[in-house]
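Visitor: Here it is: the structure, laid out below.
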Amino acid sequence: MLRLNGVARAHIKGRERIRVLQGLDLEVQRGEMVSIMGPSGSGKSTLLDVIAGVIPSNEGVVELAGHRMDGKSESLRTQIRAAHIGFVFQFYCLIPALTAEENVMLPLHLWKLSRKERALRADAALEVVGMTHRRRHLPGELSGGEQQRISIARAIAGNPDVLLCDEPTGDLNKETGLEVMAIIEQLSHHYRKAVVVVTHDPNVAALADRHLRLQNGVLVDDRPNLR
Ligand code: ADP
Ligand code: MG
């Protein structure tokens with residue numbers, strides 16, 4: 001479902017070129033959940049942005065659901081991303097002035113759907129994350145765990161094949177974090193999405209089927225040390 005081969009990506013900071021990803025390989029199958037750990041600054045967020053086509057790779061193959069992302073224009077990458085990827089962020093990134101349901105409907109505006117069809121899809125996604133009863137609430141009226149559930153609903157409303165999660169429990173207490181992870185696990189194992197979870201928490205990483213560590217610009221096998 002997701003394949004990276006020999007991916008390189010650098011960032012330019014002033015006159016300095018920071019080599020972040022350096023010949024990185026990754027494959028994630030449908031229904032598989034992979035965790036990625038690594039110190040701050042090792043390039044985890046850069047990797048997710050390259051997978052999603054938010055930024056282009058400098059070298060290598062990025063293939064999503066049979067579509068090559070590398071070498072594509074920004075607008076083509078955006079189209080492929082809209083059709084195949086859902087993104088979950090540490091700080092939810094919900095629009096404060098919109099209700100939960102309107103937030104979930106937002107990415108569906110990229111599709112040619114009627115308002116009714118958008119609402120139906122949003123409601124189905126809200127049901128998957130158990131937030132139907134909160135759909136008329138504003139983000140500010142919801143707890144962190146509830147906001148993260150809404151953001152997961154937004155990520156899956158377009159029925160993506162791949163779910164990318166950047167420290168999805170980083171702002172939550174342990175118990176709430178595990179509840180959110182139970183939903184993400186279900187999206188992988190029951191709804192058959194290819195899931196990549198970036199995390200600092202070994203207890204979160206341990207829930208994945210496969211554990212990787214980002215080190216010196218490449219991914220290596222890892223075994224999370226449980227506390
Ligand atoms: P992580 O998510 O693992 O903490 P990042 O992918 O955010 O790491 O960053 C990896 C490296 O790239 C860091 O050294 C960071 O400072 C640098 N970096 C990230 N984004 C940019 C950017 N837009 N411009 C310049 N440097 C960046
Ligand atoms: Mg990061």
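The values are calculated or read from the model by the stated rules, or taken from the named source; none is laboratory data. Everything quoted here is computed from the prediction, not taken from an experiment. Note: ideal-geometry Cβ built from the backbone for every residue, glycine included; neighbour counts use all protein chains shown. Keep in mind that these areas ignore ligands, DNA and RNA; they rest on the heavy atoms of the full protein, side chains included. Shrake-Rupley method; radii C 1.70, N 1.55, O 1.52, S 1.80 Å.
Visitor: When you look at Gly217, is it more than 19 Å from Gly31 (Cα to Cα), within 18 Å of the chain's Cα centre (by Cα) and surrounded by 14 or more Cβ atoms within 10 Å (Cβ to Cβ), yes or no?
Guide: It is false that Gly217 is more than 19 Å from Gly31 (Cα to Cα), within 18 Å of the chain's Cα centre (by Cα) and surrounded by 14 or more Cβ atoms within 10 Å (Cβ to Cβ).
Visitor: Scan segment 155-170 for residues that are outside any strand (DSSP E or B) and more than 16 Å from ligand 1 (Cβ to nearest atom) and jot them down.
Guide: Answer for segment 155-170, where residues must be outside any strand (DSSP E or B) and more than 16 Å from ligand 1 (Cβ to nearest atom): Ala155, Ile156, Ala157, Gly158, Asn159, Pro160, Asp161.
Yes/no per residue for (1) within 20 Å of Ile183 (Cβ to Cβ); (2) surrounded by fewer than 23 Cβ atoms within 10 Å (Cβ to Cβ); (3) at pLDDT below 95:
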{"site": "Leu110", "(1), (2), (3)": "no, yes, yes"}
{"site": "Arg115", "(1), (2), (3)": "no, yes, yes"}
{"site": "Asp123", "(1), (2), (3)": "yes, yes, no"}
{"site": "Leu126", "(1), (2), (3)": "yes, no, no"}
{"site": "Gly140", "(1), (2), (3)": "no, yes, no"}
{"site": "Gln147", "(1), (2), (3)": "yes, no, no"}
{"site": "Arg154", "(1), (2), (3)": "yes, no, no"}
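Visitor: May I ask you to list the residues in segment 26-79 that are outside any strand (DSSP E or B) and within 14 Å of the chain's Cα centre (by Cα)?
Guide: Glu32, Lys44, Ser45, Thr46, Leu47, Leu48, Asp49, Val50, Ile51, Ala52, Gly53, Val54
Visitor: Any residue in segment 66-92 that is within 21 Å of Ile150 (Cβ to Cβ) and aromatic (Phe, Trp, Tyr) sitting within a Cβ distance under 6 Å of a residue that is part of a helix (DSSP H, G or I) and open to solvent by 30 Å² or more (accessible area, probe 1.4 Å)? List the pairs, counting only those 6 or more apart or interchain.
Guide: Tyr92/Gln147
Visitor: Applying the selection to segment 54-79, what residues are away from ligand 1 (no atom under 15 Å from the Cβ) and surrounded by 20 or more Cβ atoms within 10 Å (Cβ to Cβ)?
Guide: Matches in segment 54-79: Val62, Leu64, Met69, Arg77.
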